[in-house]
Amino acid sequence: MGGPVRFPGGIAMPVQVERVLGFGRSFSFWPLLFGLACCAIEMMALGGSRFDMSRFGMEAMRASPRQADGMIVAGWCSIKMAPRVVRLYEQIPDPKWVLAMGSCAISGNIWDTYNVVQGIDSLIPVDVYVPGCPPRPEALWEGLEMIRQRVKESKHAYDGLRRIPARDAIAEGGSDS
């Protein structure tokens, strides 16, 4: 175990509190939806009463990247849309997570042409892949659950408006002794 995480101004946070914060963040994951094709229809089905995303705090889909915790890319991405995907990804505050949904987002699928990006991971880093054409809502739910576990286990302290890894916060603030 390490010492407490130190913040500017002398505020210290025990490492156990950081685990509690990670647990809380995992139940309030707000994704930015980037539905580009038919996979977005299956994404909408996940928001219905049968799957009830709201029990895990994911019902708040964000239209603004600055309010989002991650990004769901569903469907194929054209070359013209690629700079916008990258820009939206860069506007999401750290830490951020990305889920690629469907064969088109993962590999371009049947759209092996000059105007389609062959895998969204060539533009932005992807944390979880959900294969299928289109993937069933259950598969997307499993992918979101994997993201939720990563959020829960992440170790990020808060420093004003930016989030920094806990080990960097300890290095900046020194130790408690």
- Query: Does segment 74-91 contain any residue that is modelled with pLDDT under 80, touching a Pro at 6+ places or on another chain (Cβ under 8 Å) and surrounded by fewer than 18 Cβ atoms within 10 Å (Cβ to Cβ)?
  - Reply: no
- Would you confirm whether any residue within segment 115-127 is surrounded by 13 or more Cβ atoms within 10 Å (Cβ to Cβ) and touching a His at 6+ places or on another chain (Cβ under 7 Å)? no
- Message: So the check is Cβ under 7 Å with 6+ separation or different chains; which pairs have a first residue in segment 79-96 that's under 20 Å from Trp30 (Cα atoms) and a second one that's polar (S, T, N, Q)?
- Response: Pro95/Ser154
- Query: Looking only at residues in segment 131-152 that are touching a helix residue (DSSP H, G or I) at 6+ places or on another chain (Cβ under 6 Å) and basic (Lys, Arg), which one is modelled with the lowest pLDDT?
  - Reply: Lys152
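The values are calculated or read from the model by the stated rules, or taken from the named source; none is laboratory data. Just so it is clear, the structure is predicted and the values come from calculations on it, not from any experiment. Methodologically, a virtual Cβ is constructed for each residue, glycine included, from the backbone with ideal geometry; neighbour enumeration extends over all protein chains shown.
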